[in-house]
């Protein structure tokens with residue numbers, strides 16, 4: 001077994017996934033996420049990026065192929081079991097309860113250990129230390145905050161369970177550039193804290209800057225992959241992606 005294979009904590013192996021039974025989205029997709037690394041997944045609209053995350057987390061069940069977590073086949077495992085196994089998921093679309101307070105939204109993240117008051121208090125303090133703005137607004141309704149602040153809240157809620165793998169789908173979509181930079185600065189700290197990150201992003205430049213390994217998807221398959229250095233040196237790949245996204249990658 002290679003070092004890379006031994007260090008892989010989550011995988012899709014030759015996975016096929018369809019919506020409504022016959023709308024095939026993933027067509028033999030294989031991905032491997034290494035421990036304490038940031039794995040970036042990029043590609044044009046409709047390439048299957050978000051579908052890959054939903055399949056990893058159990059929202060979608062493969063028609064064929066395997067979903068692996070730490071060497072165990074987990075096809076069909078429901079999302080609530082993923083929480084119990086140390087995997088967190090932050091979807092692209094907002095997932096907050098807007099009419100609940102910031103702190104109540106965080107407490108909902110603590111639901112699996114809701115009877116452990118000491119652990120809840122510790123989880124809240126850790127999140128507030130990471131995102132001071134949430135402590136300042138802890139009694140405010142979640143829906144009253146800006147889009148960037150709401151994203152901080154979703155990230156904070158995902159951390160209450162102390163996951164060792166986190167799946168992030170477009171974490172800075174529709175967010176102001178200043179807060180986007182803050183979110184990405186935070187993401188880059190996660191591997192140092194022992195958290196493996198799987199990152200889907202339409203912003204290729206941003207994703208390439210923080211990812212240790214990058215997969216390029218197209219039509220539900222891996223079109224190319226490589227580490228950060230290989231990606232930046234491959235002019236053909238850069239030109240192809242620039243054409244997809246209709247802007248020039250520096």
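A few remarks follow.
- Helical runs (DSSP H, four residues minimum) scored at -39500 (n - 2.57) apiece and divided by the length of the chain put the mean residue ellipticity at 222 nm at -10500 deg cm²/dmol.
- Whole-number D in µm² s⁻¹ for region 137-191, Kirkwood Cα-pair radius fed into Stokes-Einstein, 10 °C, 1.306 mPa s: 132 µm²/s
- In this structure, residue 100 and residue 70 have a Cβ-Cβ separation that, at R0 = 25 Å, corresponds to a calculated FRET efficiency of about 0.15.
- Three principal axis lengths of region 171-210 [C-alpha, angstrom, descending]: 28, 17, 14
- R0 of 45 Å, Cβ-Cβ distance residue 30-residue 108: FRET efficiency to nearest 0.05: 0.85
- Percentage relative contact order, region 82-158, counting C-alpha pairs under 8 Å, at least six apart: 46 percent
- Diffusion coefficient, µm² s⁻¹, Stokes-Einstein with Kirkwood Rh over alpha-carbon pairs of region 25-78 at 20 °C and 1.002 mPa s: 178 µm²/s
- Most mobile listed residue (103, 162, 72) in the chain, GNM with C-alpha springs under 10 Å: 72
- Site pair residue 227 and residue 20 shows an inter-label distance of 4.4 nm when each label is modelled 7 Å from Cα along Cα→Cβ.
- When the alpha carbon coordinates of region 87-141 are projected onto the principal axes, the ranges are 30, 27, 20 Å, largest first.
- Pairs of Cα atoms farther than 22 Å apart, the chain, %: 55 percent
- Largest mean-square fluctuation among 51, 139, 160, in a Gaussian network model of the chain whose springs join Cα atoms under 10 Å apart, belongs to 139.
- Rounded to 10°, Cα long-axis angle of helix 147-159 versus longest principal axis of the chain: 90 degrees
- Equivalent ellipsoid dimensions for region 19-156 as semi-axes, Å, which come from the Cα gyration tensor, largest first: 31, 18, 14
- Highest-fluctuation residue, 148, 21, 86 considered, GNM on the chain with Cα pairs under 10 Å: 21
- Applying 0.36 nm per residue to the separation of residue 121 and residue 181 and subtracting their alpha-carbon distance, the gain on full extension is 18.7 nm.
Every number in this text was worked out from the coordinates using simple rules, so none of it is lab data. Note that the structure is predicted; figures quoted are calculated from it, not measured. We place every Cβ from the backbone using ideal geometry, glycine too, and count neighbours over all the protein chains shown.
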